[in-house]
1. In percent, how large is the relative contact order of region 128-245, given Cα pairs closer than 8 Å and 6 or more residues apart?
2. From the C-alpha coordinates alone, can you work out the Kirkwood hydrodynamic radius of region 96-146, in Å?
3. Give me the Å³ per residue figure for the convex hull around the C-alpha atoms of region 1-139.
4. Which angle between 0 and 90 degrees, to the nearest 10, do you get for helix 2-13 versus the longest principal axis of the chain when only C-alpha atoms count?
5. Shape verdict for region 122-246, please, from the Cα gyration tensor: rounded (a/c under 1.5), prolate (a/b greater than b/c) or oblate.
6. What ranking do 203-210, 187-194, 47-54 get when scored by the average of other Cβ atoms within 10 Å per residue, highest first?
7. Under the definition of Cα pairs under 8 Å and six or more residues apart, what whole-number percent is the relative contact order of region 2-300?
8. For region 2-300, what number results from the quotient of the Cα radius of gyration and 2.2 N^0.38 Å?
C-alpha cells in the first residue's frame, strides 16, 4: 500500500487535471510550426519527442513550485503529496530534476535553440518560485514570461531560427503563440492565487488577490482573457488556419469570456478555482481543434479549391 501511495503521489505532482492542456499545447505548436513554415506535417519522431519533452518541462516546474510552497499548501491543500508527507521534499526535487533532464536532452537533440529557451524559462520560474511569489504582488509577470517561452521553444524544435541550427527563420506565429500563452497565464496564476488566498494571507505571501482583493484580481483576469482570445484569432490569421480552427476559437473564446465576466460578478475564491480549470479546458479544446485543423488541411491539401 505504501508503494502504491508513493506512486500516486508522483503522478499527482504532475497535476493530471491539467494534462490534456499540457500535452495538447506542445502538440499543437509542433504541428503548426512545421505546417506554417513548410506546408507539410513534421516527421513523426521529432513531433512525438518534442511534445513529450515539453510536457516534462512544464511538469518539472509544477513539481519544483510545490517544493517551494509546502508551508502554504499545509494550510490550503494539506492532502497534496508534499504537505501530506507521501513523498519527501528531497524526492520531489530529484523528480523535478529528472523531468527537466529529459526535457533538456530532447531540446538539445532537436535544436540547441530550444535548449536555450528551456533554460531561460526554467530560470525565470525558479526565480518566481524561490523569491518573487513571496516578495511582490506582481510575481505573475514572471510566470507568464516563463510559460510564454514554452511554445516558442517547441516551435524552434521544429522550425529553427537558423542561429544554432539551419531552419526557416523567424515566423510571427511563434511570437503570437507565445504571447497568447504568456498573457493568459497571467490570468491562470491569479485565479490560482485567488483560490489560495486564505493560505497566502496566513503565510504573508503578497499575491495580487491578497494585496488588492479578489474583486480587482477578477477584472484583471478578464482582461487577460480578452487579450488571449484576440491573440488566438491573430494566430489563425498569421498561420493561415482554416474554418474549423476559427469556429472553435470564436465559440470557445466567447464561452471563456462569459466565464471571466461571471468571475467579475462573483469574485470569490471558489469561483477563482472554477475558472482556473475552465481556462485549462478552454485551452485544451482550442489546441485539439488546432491539431485537427492542421491535420485536415494537410490531408486534403491535394484537393485544390476545397474550402477548409
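1. Numbers: 142 pairs, mean separation 34.0, N = 118.
Result for region 128-245 is 29 percent.
2. On the way: mean 1/r = 0.0859 Å⁻¹.
Result for region 96-146, one decimal place: 11.6 Å.
3. Working: hull volume 17.9 nm³, N = 139.
So the per-residue Cα hull volume is 128 Å³.
4. Its long axis makes an angle of about 60 degrees.
5. Values: a/c = 3.97, a/b = 1.69, b/c = 2.35.
Because a/c hits 1.5 or more and a/b fails to exceed b/c, region 122-246 counts as oblate.
6. Working: 203-210: 19.9, 187-194: 25.1, 47-54: 21.6.
Descending packing order for the listed peptides: 187-194, 47-54, 203-210.
7. Details: 457 pairs, mean separation 61.4, N = 299.
Rounded, it is 21 percent for region 2-300.
8. On the way: Rg = 18.8 Å, N = 299, 2.2 N^0.38 = 19.2 Å.
Normalised Cα radius of gyration, region 2-300: 0.98.
No value in this document is a laboratory result; all are computed from the given coordinates. Source: prediction; values computed, not measured. Cβ: placed from backbone, ideal geometry, glycine included. Neighbour counts: every protein chain shown.
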